[in-house]
Amino acid sequence: MMPAEPRDLVAGEWAPVEGVLDLVLEDPATGAELRPAAVSGGARAERALAAADPRWGGTPDAERAEVLDAVAAALEAVTGTIAELESRATGVPIRQTAPLGAIVSGSFRLAAERLRAGVLTERPGPGVEVRRLPWGPALCLVPWNAPAPMAAHKVASALAAGCPVILKPSEYAPYGTQLLAETVDAVLAERGAPRGTFQFLHGDGRLGAALTADPRVRAVSFTGGTAGGTAVAAACAAGLKPAQLELGGNNPLVVMPDADPDRAARAAVDLLTTLNGQWCRALGRLVVPAGLADEVLAAAEARLGALRAGPPLDDGTDLGPLVHSRHRALVAARRDALGGRITMATAVPGEGNYLSPALVSDVPPERAAEEIFGPVATVHPYATVEEAVALANGTGHGLEGYVVGSDEDAALAVARRIRAGEVKVNGSSVMSLHLFAPRPAWGMSGLGEEGTVETLRFFTGARVVGVEGRFALHSREPS
C-alpha cells in the first residue's frame, strides 16, 4: 500500500496539508526521494487550539470506555496496513512492526478496562472521595521509530482521562499515525463526540514547540530526544503544566562472570538490532568481564554475520535500513568519532540507508556517555562486579538496564544496583517486564512514568471532596 497524501484534522474537518518543510522524505530501502515532509499551517494550528473541546471530559466513564472499545475494534481491521506503512516509512522489518501493531488496538482496550476498573476514583476513608479529572486539552508528540503504537498509547490514555487531544507525529514517519487518526476520528464522529475531541496535525519540532507553549494546552506527553524533551520541559515549566517525558537512553548490558557467552552475545545482538537499533532502550554499552570479552565478541560477531539485511517488507529480513539518509550519516559520524576497534559482520545492501551494526571496543567510558540512536554500541571490559556496576551507572541516563547471568539471584542483586527505570535480567525483548508495570525514566532519560495506568493518570489532576470529620481542628467555642 502506498502512503496516503498528508492530511490534517481540525475541528472535525480533514484537509490536505499544503505546507512543506526543508526535508525530503525517502524510501529507506532504496534512498529514493518521495515527497517533502508536510507541515500544517499556522492558521490550522490556531484553529485546532481554539477548537479543543472540553465537553468530552463530562462524558461518564462507562460511556468513554464503550467508545474506546469501539475504536479498538475499528483499529483491529487496519493494524496490518498500519504495520506496513510503519515499515515503509521507518525501515523497521515487518516482522517487528506487525507484532507491535497489537499495541495500536490494545492500548484502547486497556484504557477502557482501566476506566471500568475505577482507576479515576478512590475512597481513602469514609465520606472522602478522590476523583481524578482531566487537565484539559492535551498534546501528544510522538517520534518516528514506532510512531503508531506510541501514538495509540498516549491518545487512548488521554481520551480515557477525558482530555481533548491534539496529536502530532514526527515529520519523518507520519503515514501509519495518519491512518490511526482517521480511524479514531471516524469512530468518535459516529459516536457523537464533540468534533474538537481529537485533532491531528503534521509538522516538525517548531510546530511542537508552538503548541507546547500555548496556554490552552494543559498537559504534554512527549517521547523523543533529550534536546527536544528539555525544550518541552522548559515550556511546560513556564506554563506550570505537567509534562511526561520519555527521552533517550545509553543502556548498559552487564554480562555476569558466570554468564554463558553465547547467551550474552544473543542478548547483545538483539538489543543492538531491534528496530534497527533506533529505539531508546537499545544497547548502548556492553559491560563484559575482561576474561570473557573476546569470547562474547566472537559469538556476537558470528550472530551479526548471520543476520539478513534487506527490504523491510520482506518477511525474511532481520535488519532493515535506517529511517533517512540524514540519520544514517549522523549515526555513522557518531560511530567514527568514538575511535577504537570496530566489530562489524552484517553484509548490507549497497543502496538505501543501510548501516552494518557495530560493536566498538577500546573506547574510554567517558567518551561513550551519550546515546547514538542507531546500531552502534561500545564494549567495556571489567575486572570486578563493583567496577561493572560503576560502568553501568556511569552516564546521566537512566532508562533501561540489562543483566545476563546463569545465577539469577546474583544477576538480580546486580540489577537492583543499576540506576535505571527498568532493569531486565536475562531478557532482551522490546516489551516491558509486565503489562501493568510502570515504565519510569531517571536522570536525563526523562521525567515521570509511563504505563497502562500511569499514562492515563498523567492526564488528570486529583480533586478531593468530603465532609469534614473528626480529624479537623476547631476553634474554641466562646464561653
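Values quoted throughout were computed directly from the atomic coordinates according to the rules given, and no laboratory measurement underlies them. Note that this is a predicted model, so its numbers are computed, not measured. Because the Cβ atoms are built from the backbone with ideal geometry, glycine has one as well, and the counts that use them run over all protein chains shown.
Tabulated data
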item	result
Cα-based equivalent ellipsoid of region 295-381: semi-axis lengths in Å, sorted from largest, via gyration tensor	23, 17, 9
Alpha carbon centroid spacing (whole Å) that separates region 296-330 from region 255-290	15 Å
Cβ crowding within 10 Å averaged over residues, with 101-108, 302-309 ranked highest first	101-108, 302-309
Leading residue at positive end of dipole, region 4-75 (Cβ point charges), from 45, 17, 75	45
For peptides 414-420, 381-387, sequence by mean Cβ density within 10 Å, most packed first	414-420, 381-387
Taking region 7-247 and dividing mean pair separation by its residue count, relative contact order in percent (alpha carbons under 8 Å, at least six apart)	24 percent
Exposure proxy ranking, count of Cβ atoms within 10 Å, fewest first, for 328, 367	367, 328
Relative contact order (%) - the chain, alpha-carbon pairs under 8 angstrom, separation at least six	18 percent
Zero-based 10 Å bins, Cα pair distances in the chain, whole percents	4, 20, 28, 25, 14, 6, 2, 1, 0, 0
Acute angle (nearest 10 degrees) that the helix 102-116 long axis makes with the longest principal axis of the chain, alpha-carbon atoms	40 degrees
Rg to Rh quotient for region 251-425, alpha carbon positions, Kirkwood Rh	0.96
³J(HN,Hα), Karplus 6.51/-1.76/1.60, whole Hz, each residue of region 65-71, x for Gly, Pro	4, 4, 5, 5, 4, 5, 4
Charged-residue dipole, Cβ positions (Lys, Arg, Asp, Glu), region 1-112 about Cα centre, Debye nearest 20	140 debye
Between 0 and 90°, nearest 10: helix 293-306 axis offset from the chain longest Cα axis	80 degrees
Net lengthening on full extension, residue 434/residue 66 (0.36 nm per residue, minus Cα-Cα)	130.0 nm
Relative contact order of region 251-425, defined on C-alpha pairs under 8 angstrom at six or more residues apart (%)	29 percent
Principal axis dimensions, region 7-247 - Cα atoms, whole angstrom, descending	65, 39, 33
Antiparallel DSSP beta bridges within the chain, percent to nearest 5	45 percent
Size of charge dipole - region 72-215 - debye, nearest 20, with Cβ of Lys, Arg +1 and Asp, Glu -1, no other charges	340 debye
Where labels lie 7 Å past Cα in the beta-carbon direction, separation of residue 35 and residue 462 in nm	4.8 nm
Dipole magnitude of region 69-155 about its Cα centre (Cβ charges: Lys, Arg +1; Asp, Glu -1), debye to nearest 20	180 debye
